[in-house]
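Okay, so here's the structure we're looking at.
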Amino acid sequence: MSVSLVNRAFLPVLQQDFSRLESIHMRDLFAQDPRRVERYSLAAANLFLDYSKNRIDDEALDHLFELAAASELGAAREAMFTGQAINNTEDRAVLHTALRYSGPDSIAAEGVNVMPAIREQRQRLADCARAVRNGQWLGATGEVIRDVVNIGIGGSDLGPAMVTQALAPYCRSGPKMHFVSNVDPVLICDILSDLNPATTLFIVASKTFTTQETLANAGLAKRWLAAGLDLAVDDNSLQQHMLAVTARPSAAKALGYLDANIFCFWDWVGGRYSLWSAVGLPIAIAIGPEGFDELLAGAEEMDEHFRSAPLKENMPLVLAVLGIWYRQFFNSQSYAVLPYSQRLARLPAYLQQLDMESNGKSIQKDGAPASWATGPVIWGEPGTNGQHAFYQLIHQGQDLIPCDFLVPTSHEAPEHAEQHQILVANAVAQAEALMCGKSAEQLRAELAECSLAPDKLDLLVAHKTMPGNRPSNCLLIPELSPKVLGSLIALYEHKVFCQGVIWGLNSFDQWGVELGKQLASRICREMCGEDSVGARHDPSTEALLARLSAEVC
Ligand code: F6P
């Protein structure tokens, strides 16, 4: 039976669950079952998940888990962990989990054990990170490295940028890290304006080593180095300042990078799953190789949990089926990730790529159209900033937007414990407000003392009523350490994997981004006169190009 039929077979029974639960308020579910929190919470791999504030009951959950089982999730999971070519459009294994595996077994992709190469590259990464941190890695003029600039985009940027920001307290003894991704030259120019070429090291990270934005920024960086060090652009000593991280070492070599400065990963590491590979070099330099090992260990702990925990106790799967429930039946088109931690400010952006590039698709793995909803829009901002910007819509808007509240329970600055308490109190309060809301009766009672005219009273009651019954998960994070962060990232990776399997998608390709890339190269050539603007674009694009060629200098 194909995946699509499995899904369809479950739709009627889940539709019945939806009809039963659609009109029930979560307040009543809690009233009926005082042990709801106990039953709908889980601890695994350093994290605690309270999913009691969801519009579900045992029956609906059972059916969602049955759906997962019928989608052959267990077999799909094993296929991923054991290196089968589950990325069927690119004929590739998907082995980011092997990058953090510390056990004795071999893991094969296309019949080759990948573990020796992984360990060799990890050792090279650690040696390089140590040399930069200890001041043994010297620039062309013999000075130690004070600033490291990672140049990369998408998966070659978001993971390292998010992790180094999240782990800032662990970064204090290393060089200062900077991240350049956008091709807009102001980003790199603003960063370089404060740096000294003699003490700056660039890491150019690109799986393909063909990405336009990254190569443009790397070229600019090299010219900046040459000018600042008074060297020719092709002077070999500039290479002391240029490292490459790629799955295509020959492409880096062709651009002049030294063998010793090229760090490798492989086709079977997806870009958005690559921070565990050599793409994590900026992390290893920032927090030290031991810290990087801890990050991997945290992820490995979540891998073990995901691989072995029964369906109902499996944290990634629980998050996955809840997401499917809302997307499919409540028509929730978006999903908010709300970290109550400034250090996790880049997590929503990281999860946007992880989730939306993986499951933002309309075609099933076998090429047939997916006739059900697939990946939602992922968005979010750190609390409490979001509260003063967009929470209004989550509380009273017309769409149901499930939320994940991420709440670190300890804080790095105990001297400001009171302020951390305010932060945590806000997270808890928002989840409570979303769930409980405020009824018209409560408001009438409150406003009774204000001696308002009856029509004014009615108006205010109408505006102030909070429907509640809006779902959220609460993830408690004991501390923002490398290990716990590793577990957290792996949790979301596996959630996305489970959803992809249940929706019948290939979560590991991203064909949708290709056409825009091709057109950008072509338009670029046309704009600089290397190719003439003919009648090959649509009329709107042609008109824009004509206007731009006159106006853009
Ligand atoms: O935008 C598509 C994409 O291929 C991402 O999947 C990837 O992370 C990013 O571009 C960068 O690609 P590369 O690492 O090859 O430069």
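Each value in this text was obtained by applying a stated rule to the coordinates, not by laboratory testing. Quick caveat: nothing in here was measured; it's all calculated off a predicted structure. Cβ atoms come from the backbone with ideal geometry, glycine included; neighbour counts cover every protein chain shown.
What does a probe at Glu412 reach in the stretch 165-198, counting residues whose amide N is under 20 Å from the point 7 Å along Cα→Cβ?
In the stretch 165-198, the label zone of Glu412 (backbone N under 20 Å from the point 7 Å along Cα→Cβ) covers 165-180.
How high is the relative contact order of the stretch 418-553, given as a whole-number percent (alpha carbon pairs under 8 Å, six or more residues apart)? Intermediate results must be reported in sequence, preceding the final value.
Numbers: 50 pairs, mean separation 23.4, N = 136.
Over the stretch 418-553, the number comes to 17 percent.
Hey, quick one: spin label on Ala462, modelled 7 Å out along Cα-Cβ, who in the stretch 435-453 has an amide N within reach, i.e. under 18 Å?
Hits in the stretch 435-453 for Ala462 at 18 Å: 439-445, 447, 452-453.
Where does the charge balance sit around Ala433 when Lys and Arg score +1, Asp and Glu -1, over other residues with C-beta under 13 Å from its C-beta?
Details: positive: Arg27, Lys53, Lys438, Lys464, Arg470; negative: Glu432.
Local net charge: +4.
Taking amide H positions as placed 1.01 Å from N in the peptide plane, with prolines and chain starts having none, which residues 5 or more places from Lys365, or on another chain, fall under 5 Å of its amide H?
Leu505, Asn506
What is the angle, in °, between the Cα long axis of helix 514-527 and the longest principal axis of the Cα atoms in the chain? Nearest 10 is fine, range 0 to 90.
Roughly 50 degrees between the two axes.
Give the long-range amide H neighbours of Lys438: residues separated by 5 or more places, or on another chain, with amide H under 5 Å away, using H modelled in the peptide plane at 1.01 Å from N.
Met466, Gly468
Using mean Cβ contacts within 10 Å as the protection proxy, how do 496-504, 445-453 order, highest first? Before the final figure, lay out the partial values.
Values: 496-504: 25.3, 445-453: 10.3.
Packing order, densest peptide first, comes out as 496-504, 445-453.
Residues with beta-carbon under 10 Å from that of Gly512, excluding Gly512: net charge, scoring Lys, Arg +1 and Asp, Glu -1?
Details: positive: Lys361; negative: Glu357, Asp509, Glu514.
Overall, the nearby charge balance is -2.
Taking just the C-alpha trace of the stretch 40-177, give me its Rg and Dmax in Å.
Calculated on Cα positions, Rg and Dmax stand at 21.2, 69 Å.
Please turn the phi angles of the stretch 338-346 into ³J(HN,Hα) values with the Karplus equation 6.51 cos²θ - 1.76 cosθ + 1.60 (θ = phi - 60°), one per residue in order, whole Hz, x for glycine and proline.
10, x, 8, 6, 5, 4, 9, 4, 8
Per DSSP helix of 4 or more residues, -39500 (n - 2.57); summed, then divided by the residues of the chain. What does that give at 222 nm, rounded to the nearest 500? Mind dumping the intermediate values first?
Values: 22 runs with 259 residues, N = 553.
Result for the chain: -14500 deg cm²/dmol, rounded to the nearest 500.
When N is the residue count of the chain, what does its C-alpha Rg come to as a fraction of 2.2 N^0.38 Å? All intermediate terms of the calculation are to be shown ahead of the outcome.
On the way: Rg = 25.6 Å, N = 553, 2.2 N^0.38 = 24.2 Å.
So the Cα radius of gyration is 1.06 times the expected 2.2 N^0.38 Å.
Taking the beta-carbon count within 10 Å as an exposure proxy, list Glu479, Glu294 from fewest neighbours to most.
Working: Glu479 13, Glu294 20.
Fewest-to-most Cβ neighbours within 10 Å comes out as Glu479, Glu294.
Can you tell me how the stretch 1-109 classifies by the Cα gyration tensor, rounded, prolate or oblate, using a/c under 1.5 as the rounded cut?
oblate
Dividing the alpha-carbon radius of gyration of the stretch 315-432 by 2.2 N^0.38 Å (N being the number of residues), what value is obtained? The partial results should precede the final answer.
Numbers: Rg = 16.2 Å, N = 118, 2.2 N^0.38 = 13.5 Å.
Scaled against compact globular proteins, the figure is 1.20.
Using alpha carbons only, how many angstrom separate the centre of the stretch 460-531 from the centre of the stretch 302-376?
8
Could you tell me the distance between the Cα centroids of the stretch 40-90 and the stretch 258-281, to the nearest Å?
For the stretch 40-90 versus the stretch 258-281, the Cα centre distance is 28 Å.
With θ taken as phi - 60° and the coefficients 6.51, -1.76 and 1.60, list the Karplus ³J(HN,Hα) couplings across the stretch 73-87 in order, rounded to whole Hz; mark glycine and proline as x.
Each residue of the stretch 73-87 in turn: 4, x, 5, 5, 4, 5, 4, 5, 4, 9, x, 6, 6, 6, 7 Hz.
Counting alpha carbon pairs within less than 8 Å and at least 6 residues apart, what relative contact order, in whole percent, applies to the stretch 139-242?
Working: 137 pairs, mean separation 39.1, N = 104.
Relative contact order for the stretch 139-242 comes out at 38 percent.
Restricting the count to DSSP beta bridges whose residues both fall in the chain, what percent are antiparallel, rounded to a multiple of 5?
Numbers: 13 of 43 bridges.
Beta bridges within the chain, antiparallel portion: roughly 30 percent.
Using a cut-off of 12 Å between beta-carbons, work out the net charge of the residues near Ile118 (Lys and Arg +1, Asp and Glu -1, Ile118 not included). Write out the running numbers ahead of the final one.
Working: positive: Arg100, Arg119, Arg122, Arg124; negative: Glu120.
Residues close to Ile118 contribute a combined charge of +3.
Run the numbers on the chain and let me know its relative contact order in percent, using alpha-carbon pairs under 8 Å that are six or more apart.
Dividing the mean separation by the residue count of the chain yields 19 percent.
Can you sort Met435, Met315 by how many other beta carbons sit within 10 Å, fewest first? Let's see the in-between values first.
On the way: Met435 21, Met315 24.
Arranged by neighbour count, lowest to highest, Met435, Met315 become Met435, Met315.
Sorted from fewest to most neighbouring beta carbons within 10 Å, what does the list Trp325, Trp137, Trp379 look like?
Numbers: Trp325 25, Trp137 21, Trp379 18.
In increasing order of surrounding Cβ atoms, one gets Trp379, Trp137, Trp325.
What is the helix-to-structure angle for 289-308, meaning the angle in degrees between its Cα long axis and the longest Cα principal axis of the chain, kept from 0 to 90 and rounded to the nearest 10?
Once rounded, one gets 40 degrees.
How large are Rg and Dmax for the stretch 362-520 when only the alpha carbon atoms are used, in Å?
According to the Cα coordinates of the stretch 362-520, Rg and Dmax are 21.5, 66 Å.
Can you work out the Karplus-derived ³J(HN,Hα) for every residue in the stretch 248-253? Use 6.51 cos²θ - 1.76 cosθ + 1.60 with θ = phi - 60°, whole Hz, and x for glycine or proline.
10, x, 5, 5, 5, 4
At 7 Å along the Cα-to-beta-carbon direction for both Ser371 and Leu11, put a label point, then send me their distance in nm to one decimal.
That separation, rounded to one decimal, is 0.6 nm.
Amide H of Leu243: which non-local residues (sequence gap of 5 or more, or other chain) have their own amide H closer than 5 Å, using H built in the peptide plane?
Residues meeting the amide H criterion: Phe202, Ile203, Val204.
Under a cut-off of 26 Å between alpha-carbon atoms, report the lysines in cross-link reach of Lys483, not counting same-chain residues fewer than 8 places apart.
In chain and number order, the partners are Lys176, Lys207, Lys312, Lys495.
Which lysines have a Cα less than 18 Å from the Cα of Lys456, not counting those fewer than 8 places away in the same chain?
Within the straight-line cut-off, Lys456 pairs with Lys464.
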